[in-house]
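**Q** Dumping the structure here so I can ask a few things about it.
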Amino acid sequence: MNSILQTLLGLCHASTIRRWSARLEKCFTISDLERLFERRIPPVVGDYFLGGASDERTMRDNVAAFEQARFVPQYGVRSDSIEMATTVAGTPIRMPIIAGPIGSLRTLWPQGEAVAAKACGEAGTICALSTLTGTRLEEVKAASPHDCWFQLYLVGGKEVAVKAIERAQQAGYSALVLTIDTPVAGLRYRDKRNGSAEAINGGIFQKLMFAPQMMRHLSWLTSFYHDGGLMDFPNIELPGGEPMPYADIGNQLQQSAVTWDDLDWIREVWQGPLIIKGVHAVHDALKAADAGATAIVISNHGGRQLDRVLPTLEMLREIAPRMKDRQIEVLMDGGIRSGGDVAIALATGAKAVLIGRAYAFGLGAAGEAGVRAALSILTAELEHTMRQLGCQKLEDLNESHVLPCRPW
Ligand SMILES: Cc1cc2nc3c(=O)[nH]c(=O)nc-3n(C[C@H](O)[C@H](O)[C@H](O)COP(=O)(O)O)c2cc1C
């Protein structure tokens, strides 16, 4: 009986891959992918990806800051061959766009993390795997023909984190990303309003309340059960060796704040490049440089942690000039929704950008083909923008190409 059900679910998933990949033909921008994501993913799952902290001001501001920035092109310059390759934390990448760590990708698509890593690797870039993911880190690395990074949360305590770091090292991850902007979990009112806790932990009657929205998203539902239903967190191995259950994660995150003192033992265990993610201001950027980090990611977690902090483009404008004489690479994320946004970030001083929702939208819309689409949209738009600006190489992009954000 079980194997008949599995076969049926497998057939449904194969049909989902075909039908939803075909819909990508009409996706020309990341917003198109977002609309497709919202069609396929039920709101109780999708809100986790779409939402931000509290009133979501910072989440909106991240995008608005890019929307308000304007270009100043330099014409009459040859731009027939565009060079977009660069190296970040010692890893060569084909374009300055990296997939940032996103938790719970497996709720969007079967083996979502491995699928995203494969698409990124084949496009010639890095995928950063979150600690809070449903696929074993070894499988994710094996799926990518390129380097991957491992993002660390201290959930479960030091011993659990040491085990994860050692596994990441053995699996061949090339850099460790330490996220510092999660002293507590963000206030996610969307998730409270939509009842996601009841959907996960509730009894049968509470779960039945979600039946109508599931019926409208059957393609998601069948793929989700084809993949085994609600995932655990196999990269957080509890002392007995079993993975942390999904339901425990909220409480665990509350107890996993990172301090600068933790860097000492983390660096002892992790001998490779260390990237500090979640830097908001010059003082923390300087601390990261003093601690010997290879790179910082200027990031407010996509507006999911502390609402009312500045948009990251503004932070970048403050921090990047102050880091020019330090031996540290400056990366940023937050609000990147087009290749034009990538060009603005690079012209403002970032060496490369991380994307979050942009590729999650692609994954939720159509799996591997969706992630490929997100990367190729951003890359093609970046190339087009560079030609228009008269820049042949990434280093040609500078402050003279961008006007500061203004409320138009
Ligand atoms: C659904 C979701 C889950 C995330 N999970 C993590 C995570 O596990 N670890 C982490 O360091 N950042 C996490 N982030 C933050 C992203 O790495 C990145 O900073 C952010 O998405 C960038 O903003 P953008 O989505 O506007 O591109 C998450 C973001 C989203 C949207």
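**Q** So if I check each of Tyr225, Tyr246, which one is within 16 Å of the ligand (Cβ to nearest atom), touching a Leu at 6+ places or on another chain (Cβ under 6 Å) and either modelled with pLDDT under 90 or not hydrophobic (A, V, I, L, M, F, W, C) (or both)?
**A** Just one listed residue meets the conditions, Tyr246.
**Q** Restricting attention to segment 218-259, which residues are assigned to a strand (DSSP E or B) and buried (at least 16 other Cβ atoms within 10 Å of the Cβ)?
**A** Phe233, Pro234, Asn235, Ile236, Glu237, Met244
**Q** Being modelled with pLDDT of 95 or more and in contact with a Phe, Trp or Tyr (Cβ under 7 Å, 6 or more places away or on another chain) is the filter here, so list the residues in segment 68-103 that pass it.
**A** Ala99
**Q** Let me ask something else about it. Would you please list the contacts, defined by Cβ atoms under 8 Å and residues six or more apart or on different chains, that run from a residue in segment 306-329 that is on the phi > 0 side of the Ramachandran plot to a residue that is in a helix (DSSP H, G or I)?
**A** So the pair list comes out as Arg308/Arg57; Arg308/Thr58.
**Q** Follow-up. Does Ser104 qualify as being within 11 Å of the ligand (Cβ to nearest atom), open to solvent by less than 30 Å² (accessible area, probe 1.4 Å) and of a type in the set (Gly, Ala, Ser)? Quick ask: steps written out before the conclusion?
**A** Working: within 11 Å of the ligand (Cβ to nearest atom): yes; open to solvent by less than 30 Å² (accessible area, probe 1.4 Å): yes; of a type in the set (Gly, Ala, Ser): yes.
In short, yes.
**Q** Give segment 19-36 a look and list any residue that's assigned to a helix (DSSP H, G or I) and more than 22 Å from Tyr48 (Cα to Cα), or say none.
**A** The answer is Arg19, Ser21, Ala22, Arg23, Leu24, Glu25, Lys26.
**Q** Conditions: (1) away from the ligand (no atom under 13 Å from the Cβ); (2) open to solvent by less than 30 Å² (accessible area, probe 1.4 Å); (3) within 15 Å of the chain's Cα centre (by Cα). Ile98 meets all but one. Number of the miss?
**A** Condition not satisfied by Ile98: (1).
**Q** Considering only residues that are touching a helix residue (DSSP H, G or I) at 6+ places or on another chain (Cβ under 8 Å) and open to solvent by less than 50 Å² (accessible area, probe 1.4 Å), which ones fall in segment 185-208?
**A** The answer is Ala185, Gly186, Arg188, Asp191, Asn194, Gly195, Ser196, Ala199.
**Q** I'd like the full set of residues that are surrounded by 16 or more Cβ atoms within 10 Å (Cβ to Cβ) and among the charged types (D, E, K, R), limited to segment 40-56.
**A** Residues satisfying the conditions are Arg40, Asp47, Glu56.
**Q** I'd like to check something: does segment 23-37 contain any residue that is open to solvent by less than 60 Å² (accessible area, probe 1.4 Å) and over 26 Å from Leu313 (Cβ atoms)?
**A** Looking for residues that are open to solvent by less than 60 Å² (accessible area, probe 1.4 Å) and over 26 Å from Leu313 (Cβ atoms), one finds at least one in segment 23-37, hence yes.
**Q** I'd like to check which helices (runs of 4 or more DSSP H) are fully inside segment 260-376 and have at least 2 residues that are within 16 Å of the ligand (Cβ to nearest atom), closer than 30 Å to Ile41 by Cα and open to solvent by 10 Å² or more (accessible area, probe 1.4 Å).
**A** 339-347
**Q** Testing Thr87 on (1) within 22 Å of Thr135 (Cβ to Cβ); (2) of a type in the set (Ser, Thr, Tyr); (3) part of a strand (DSSP E or B), one condition comes back false. Which one is that?
**A** So Thr87 meets the others, but not (1).
**Q** Kindly indicate whether Thr86 is β-branched (Val, Ile, Thr), within 11 Å of the ligand (Cβ to nearest atom) and open to solvent by less than 50 Å² (accessible area, probe 1.4 Å).
**A** In short, no.
**Q** Does Leu8 satisfy the condition of being over 30 Å from Thr312 (Cβ atoms) and either open to solvent by 30 Å² or more (accessible area, probe 1.4 Å) or modelled with pLDDT of 95 or more (or both)? If you could, list the steps in order and put the result at the bottom.
**A** Numbers: over 30 Å from Thr312 (Cβ atoms): yes; either open to solvent by 30 Å² or more (accessible area, probe 1.4 Å) or modelled with pLDDT of 95 or more (or both): yes.
Yes, satisfied.
**Q** Further, regarding this structure: Can you tell me which residue is farthest from Leu263 (Cα to Cα) among those in segment 145-181 that are surrounded by 20 or more Cβ atoms within 10 Å (Cβ to Cβ) and among the polar types (S, T, N, Q)?
**A** Gln151
The values are calculated or read from the model by the stated rules, or taken from the named source; none is laboratory data. Predicted, not measured: the structure shown is a model, and the values here were computed from it. Every residue, glycine as well, gets a Cβ built from its backbone with ideal geometry; the counts of neighbours run over all protein chains shown. Just the protein is used for accessible areas: all its heavy atoms, side chains included, with ligands, DNA and RNA removed. Shrake-Rupley method; radii C 1.70, N 1.55, O 1.52, S 1.80 Å.
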